[in-house]
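Undergrad: For reference, the structure I am asking about is given below.
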Amino acid sequence: MTTIIDGKAFAARVRGQVQAHVARLVEERGIQPGLAVVLVGEDAASQVYVRNKHASTIEVGMASFEHRLAAETSEGDLLALVRQLNADRSVHGILVQLPLPPHLNSELIINTIDPAKDVDGFHISNVGLLGTGQKSMVPCTPLGCLMMLRDHHGSLSGMNAVVVGRSNIVGKPMAQLLLGESCTVTIAHSRTKDLVAVCRRADILVAAVGRPEMITGDYVKPGATVIDVGINRVARNGKTKLVGDVEFASASAVAGAITPVPGGVGPMTIACLLANTLTACCRANGLPEPEGLTA
Ligand code: NDP
């Protein structure tokens, strides 16, 4: 029987843990974790993400600081805001919603965030810390995948893991995390030869390609765990439907466990953003980190 890994339920559990921890921090120490989200411009998808992040932040009892800036905001003004948030002691996490308008240098903006407040884990210092196996801020989506894998398997040590996709926000950090768990890790990408054979060696197969339903059952080793990071909107029978990078019907017939889309990795991403903000707050105050919510 194939296990459907319920990311929605798992994310609700993570949010509950965060909420309980936040309540204790507020009650016992008078500390309220705070998350600042900066949105530049009118990108429709980004507006939805930012709204959801705000609602989830409030729901777990954290302070939410939203900064909505005009699309034509200058780099200087945005950098000044980031520096102001870096200095603000009530802000423990800073997230600059990507993509930024093209006239803004995303790397410069992200690398201006205080690494200790970089809850997206995109600052070059956090990338380096993760790559060298040191304590860092870990990107939310791969962190969510790792939590689900640990929950399902316990130890991942010695397992063959294949990550399809080598982006800086998903593929590479996912591979680093799996390496940290002592998996034997392969990173595949658009130039990989015989991708099907590579994927069929995987005990753990993570798909982060951005191609709707590309990974079919043929790519899956019988009994493997499949994590589908993809979020693709496709038109089907005149309606818009959300599908992953994995073709669920054929892959789930072969896999031992699989995350669905929607309801798999997606809900974990915001839950991990909240977890990272809590972790950042604990670190900033010299307090023990929340258990089970870090890499
Ligand atoms: P990118 O477009 O940045 O990276 C895609 C990767 O897939 C690249 O490394 C590319 O290889 C590889 N790739 C593309 N086509 C193929 C192919 N035919 N065979 C093998 N590899 C291929 O995407 P992201 O990493 O940002 O996102 C991946 C997916 O995850 C998307 O569907 C996105 O929507 C989703 N996503 C979901 C999140 C969530 O919260 N659940 C968060 C972030 C992303 P190459 O480098 O050679 O071009």
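Undergrad: Which of the residues belonging to the range 207-222 are within 14 Å of the ligand (Cβ to nearest atom), under 16 Å from P260 (Cβ atoms) and outside any loop (DSSP other than H, G, I, E, B)?
TA: Scanning the range 207-222 gives A207, I215.
Undergrad: Does the range 178-206 hold any residues that are within 14 Å of the ligand (Cβ to nearest atom), crowded, with 19+ Cβ neighbours inside 10 Å and assigned to a helix (DSSP H, G or I), and which are they?
TA: Selection gives C199 alone.
Undergrad: In this structure, does G121 turn out to be touching a residue at least 40 places away in the same chain (Cβ under 8 Å), buried (at least 16 other Cβ atoms within 10 Å of the Cβ), among the small types (G, A, S) and within 16 Å of the ligand (Cβ to nearest atom)?
TA: Details: touching a residue at least 40 places away in the same chain (Cβ under 8 Å): yes; buried (at least 16 other Cβ atoms within 10 Å of the Cβ): yes; among the small types (G, A, S): yes; within 16 Å of the ligand (Cβ to nearest atom): yes.
It is true that G121 is touching a residue at least 40 places away in the same chain (Cβ under 8 Å), buried (at least 16 other Cβ atoms within 10 Å of the Cβ), among the small types (G, A, S) and within 16 Å of the ligand (Cβ to nearest atom).
Undergrad: If you don't mind, another one. Looking for something crowded, with 23+ Cβ neighbours inside 10 Å, touching a helix residue (DSSP H, G or I) at 6+ places or on another chain (Cβ under 7 Å) and not in a loop (DSSP other than H, G, I, E, B) - is there at least one such residue anywhere in the range 256-265?
TA: Yes: the range 256-265 contains one or more residues that are crowded, with 23+ Cβ neighbours inside 10 Å, touching a helix residue (DSSP H, G or I) at 6+ places or on another chain (Cβ under 7 Å) and not in a loop (DSSP other than H, G, I, E, B).
Listed here are the residues, each with its yes/no results for (1) in contact with a helix residue (DSSP H, G or I) (Cβ under 7 Å, 6 or more places away or on another chain); (2) of a type in the set (V, I, T).
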| position | (1), (2) |
| --- | --- |
| I4 | no, yes |
| G7 | yes, no |
| F10 | yes, no |
| R13 | no, no |
| G30 | no, no |
| V40 | yes, yes |
| V48 | no, yes |
| S90 | no, no |
| G93 | yes, no |
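Undergrad: Another question, then. Of all residues in the range 25-58, count the ones that are free of Cβ contacts under 8 Å to residues at least 60 places away in the same chain and exposed (fewer than 13 other Cβ atoms within 10 Å of the Cβ).
TA: 9
Undergrad: Further question on the same structure: If I ask for residues that are of a type in the set (V, I, T) and either away from the ligand (no atom under 16 Å from the Cβ) or assigned to a loop (DSSP other than H, G, I, E, B) (or both), which ones from the range 126-159 would you list?
TA: T132, V138
Undergrad: Name, by its number, the condition in (1) assigned to a helix (DSSP H, G or I); (2) near the ligand (Cβ under 10 Å from one of its atoms); (3) within 14 Å of the chain's Cα centre (by Cα) that does not hold for S167.
TA: Just one mismatch for S167, condition (1).
Undergrad: Please indicate, with yes or no, whether at least one residue in the range 246-254 is more than 14 Å from the ligand (Cβ to nearest atom), in a loop (DSSP other than H, G, I, E, B) and touching a residue at least 24 places away in the same chain (Cβ under 8 Å).
TA: no
Undergrad: Here's another thing I want to ask about it. Can you list residue pairs whose Cβ atoms sit under 7 Å apart, with the first residue in the range 183-211 being on the phi > 0 side of the Ramachandran plot and touching a residue at least 12 places away in the same chain (Cβ under 8 Å) and the second being assigned to a loop (DSSP other than H, G, I, E, B) and surrounded by 15 or more Cβ atoms within 10 Å (Cβ to Cβ)? Count only pairs 6 or more apart in sequence or on different chains.
TA: Listed by first residue and then by second, the contacts come to G210/G230; G210/D245.
Read-outs: derived from the displayed coordinates by stated rules, not from any lab. For clarity, every value in this text was computed on a predicted model and none was experimentally measured. Using ideal geometry, Cβ is built from the backbone for each residue, glycine included, and neighbour counts are taken over all protein chains shown.
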